[in-house]
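The values are calculated or read from the model by the stated rules, or taken from the named source; none is laboratory data. Model, not experiment: these values are computed from the prediction. Virtual Cβ from ideal backbone geometry, glycine too; neighbours counted across all protein chains shown.
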Amino acid sequence: MFNIKKNYIISIALLPFLVLLISCSSNEKDSQTILLNDVEIYKNGLSYLQDGNYDKAVKEFDNLYINHPFSSLTKKSEIMTAYSLYQNNEINKSMDKLKNFIEMNPKDEFSDYAHYLLAMCYYIQISNQGRDPSLSLKALNSFKLITTKYPNSKYAKDSKLKIQYINNSLAINELNIGKFYLKKHAPASSIKRFKTILQKYQNTTSVPETLYRLTEALLMIGLKEEALKSSAILKYNFPNNEWSHLSKNVLSNISSSGEKKTFTSYIKNYFITIFD
């Protein structure tokens, strides 16, 4: 159900580009016959694309690219070939087409869209949690490129949303690996994973549980003082979160008597420990 919904959202996001291209026409003036031919080929490609006949759409757009290399529709046809391949789930072919377009046309008017569609090619291949995150990282970097290189592009806003989603996904992946190590009684390995989340994914939804699990891991290796600091951070930043309430139970048997430290001191020493 999630994949169906995501594909629907992706298709909707690309509709404005299709509408834009439908309205375009060739500026070729060398021959009236050639003008009609490239325009008609392009219109045929759009017609097949809108009917869901992606194989024929690819053939039409490639036909225009090959037979009318100097048409003003040539670059549009390259993009539409990549999009037709994308819609036909021929992701690798679409990516090859887009990479070639970006390399040959780094400052073209459609370069922002080419980067966005390339990012989407990575995005829709993101595997389930717990699998190789390499595609997630490629998608993340591609969307970040759009927000930095084309901050005013119509695709920048959606790219920011995708970045947040991917960061959450990567954080959850790290958290699950950390919890796996905890179950295997390997707290040192789990702490490394939890540190990664706190360093790289500070604004994700996994942070509260990460702080709770870090408290557990620190207690397992006898670092009670550091566990108290982790719990203090959790309760201060997420006072009403379920993980904050659970942390009270974990620390209920730990005596806090002896050296009294201010909360500010806890925070300072905690981040020295986490980020060194």
* Hey, can you tell me all the residues within the stretch 197-233 that are touching a residue at least 12 places away in the same chain (Cβ under 8 Å), small (Gly, Ala, Ser) and surrounded by fewer than 21 Cβ atoms within 10 Å (Cβ to Cβ)? => ALA232
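Inspect the stretch 173-181 for any residue being of a type in the set (Ser, Thr, Tyr), in contact with a helix residue (DSSP H, G or I) (Cβ under 6 Å, 6 or more places away or on another chain) and at pLDDT 95 or above and give the result as yes or no.
Filtering the stretch 173-181 for residues of a type in the set (Ser, Thr, Tyr) gives 181.
Narrowing the set further to residues that are in contact with a helix residue (DSSP H, G or I) (Cβ under 6 Å, 6 or more places away or on another chain) leaves 181.
Filter once more, keeping what is at pLDDT 95 or above: 181.
The answer is yes; a qualifying residue exists.
Of a type in the set (S, T, N, Q), touching a Phe, Trp or Tyr at 6+ places or on another chain (Cβ under 6 Å) and assigned by TED's automatic domain parsing to the domain that holds ASP51 - does that describe any residue in the stretch 106-127? Please lay out each step first, then the result.
Just the residues of the stretch 106-127 that are of a type in the set (S, T, N, Q), to begin with: 111, 125, 127.
Of the ones still in play, those that are also touching a Phe, Trp or Tyr at 6+ places or on another chain (Cβ under 6 Å) are none.
No: zero hits.
Looking at SER94, SER84 in this structure, which one is in contact with a Cys (Cβ under 9 Å, 6 or more places away or on another chain), surrounded by 15 or more Cβ atoms within 10 Å (Cβ to Cβ) and assigned by TED's automatic domain parsing to the domain that holds ASP38? Write out each step before concluding.
Numbers: SER84 fails: in contact with a Cys (Cβ under 9 Å, 6 or more places away or on another chain).
Checking each option against the conditions leaves just SER94.
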* Filter result (in contact with a His (Cβ under 9 Å, 6 or more places away or on another chain) and either at positive phi or surrounded by fewer than 21 Cβ atoms within 10 Å (Cβ to Cβ) (or both)) within the stretch 154-196 -> none
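Condition test on THR204, is it on the phi < 0 side of the Ramachandran plot, among the polar types (S, T, N, Q), in the same structural domain as ASN241 (by TED's automatic domain parsing) and part of a helix (DSSP H, G or I)?
On the way: on the phi < 0 side of the Ramachandran plot: yes; among the polar types (S, T, N, Q): yes; in the same structural domain as ASN241 (by TED's automatic domain parsing): yes; part of a helix (DSSP H, G or I): no.
The answer is no for THR204.
Specify which of the listed residues (SER134, SER142) is modelled with pLDDT under 95 and not aliphatic (A, V, I, L, M).
Values: SER142 fails: modelled with pLDDT under 95.
Sole residue among the options that is modelled with pLDDT under 95 and not aliphatic (A, V, I, L, M): SER134.
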* From the residues in the stretch 215-250 that are hydroxyl-bearing (Ser, Thr, Tyr) and more than 18 Å from LEU182 (Cα to Cα), which one is modelled with the highest pLDDT? -> TYR236
